[in-house]
Amino acid sequence: MKKKKRDGLTFHQKQKKKFNIQLFYEILSWVAIVFAAVFLAYVGIAFFGIKTSMVGSSMEPILCNSQEVLINRVSYSMSAPKRFDVIVFKPNGNKNSHFYIKRVIGLPGETIQISGGKVYINGEVLKNDVADDTREGGVATNEIVLANDEYFVLGDNRSNSEDSRSANVGNVKVTMIEGKAWMRLKCGSYDKRRIE
C-alpha cells in the first residue's frame with residue numbers, strides 16, 4: 001500500500017527555507033554596509049581628502065617646501081574666506097597650474113596698498129600681520145581696490161613669495177579658490193597639525 005504524500009513542507013524543509021531567508025537578509029545588510037562605507041569614503045575624499053604639496057618656501061615657517069597639505073573644500077561653501085585664512089587656489093583660474101597656498105590679507109571691497117614695508121587696508125596699517133616687513137610692494141605700491149569677488153593674498157615669507165603683488169598672480173577671485181588649507185602633514189621638524 002502506497003503512503004499518501006502530504007501537502008506542504010516538512011519541518012526540516014521549513015527550517016531550511018527560514019534559514020535561507022535569514023542568510024539572504026544578512027548578506028544583503030552586509031552589502032548595504034559596504035556600499036555605504038565606500039560611498040562615505042568617496043564623499044570624504046572628494047571634500048576633505050584632496051592633498052597638495054607646498055611649492056617653494058613662500059609660506060615658511062608654517063609650511064616648508066614639498067610639505068603635503070590637506071584641503072578642506074567644504075569650508076567656503078558655508079562661509080567666505082576670512083582675513084589671515086590660508087587658502088589654496090589656482091592663479092588666474094589656470095587649471096594647468098600647480099596649487100598656490102597663500103594667506104588672505106585683503107577682503108572684497110577693501111583698498112590695499114604696500115608702502116614703507118607695511119600693508120595698509122583702507123588707509124590703516126594692517127594689525128596682527130604675520131610678517132614684520134613687506135619691503136616689495138609690487139603692483140600694490142599704488143592703491144588697489146578689490147572687487148566684490150576678489151581677495152588679496154600674500155605669502156608669510158614675503159621676501160620670497162609670488163603672490164597678489166605679482167601681475168602673474170594678481171587678485172584671487174572666489175571662483176579660483178579650491179578650499180582652505182586645513183591640515184599639514186609632517187615635514188622636517190613640523191608635525192601634523194591644523195594650519196592657522
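The values are calculated or read from the model by the stated rules, or taken from the named source; none is laboratory data. Note that the structure is predicted; figures quoted are calculated from it, not measured. Quick reminder, even Gly has a Cβ in these numbers, built from the backbone with ideal geometry, and neighbours come from all protein chains shown. With ligands, DNA and RNA removed, areas are computed over all heavy atoms of the protein, side chains included. Shrake-Rupley method; radii C 1.70, N 1.55, O 1.52, S 1.80 Å.
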Condition broken by Ile71, with the remaining ones in (1) open to solvent by 70 Å² or more (accessible area, probe 1.4 Å); (2) at pLDDT 85 or above; (3) of a type in the set (A, V, I, L, M, F, W, C); (4) under 30 Å from Glu110 (Cβ atoms) satisfied:
(1)
Residue set Ser97, Ser115; condition in contact with a Gly (Cβ under 9 Å, 6 or more places away or on another chain) and hydroxyl-bearing (Ser, Thr, Tyr); output residue Ser115
Among the numbered criteria (1) exposed (fewer than 15 other Cβ atoms within 10 Å of the Cβ); (2) modelled with pLDDT under 80, which single criterion is violated by Glu26?
(2)
Output the number of residues of the stretch 115-136 satisfying the condition of being assigned to a strand (DSSP E or B) and closer than 20 Å to Glu60 by Cβ.
1
Does the stretch 160-180 include one or more residues that are closer than 17 Å to Glu60 by Cα and either of a type in the set (A, V, I, L, M) or surrounded by fewer than 16 Cβ atoms within 10 Å (Cβ to Cβ) (or both)?
yes
Within the stretch 137-155, is even one residue within 17 Å of Lys180 (Cβ to Cβ), open to solvent by less than 20 Å² (accessible area, probe 1.4 Å), part of a loop (DSSP other than H, G, I, E, B) and touching a residue at least 24 places away in the same chain (Cβ under 8 Å)?
yes
State all residues of the stretch 49-67 that are under 15 Å from Phe89 (Cα atoms) and either at pLDDT below 85 or in a strand (DSSP E or B) (or both); if no residue qualifies, say none.
Ile50, Lys51, Thr52, Ser53
Please enumerate the residues belonging to the stretch 82-102 that are touching a Phe, Trp or Tyr at 6+ places or on another chain (Cβ under 6 Å) and within 19 Å of Ala147 (Cα to Cα).
Phe89, Pro91
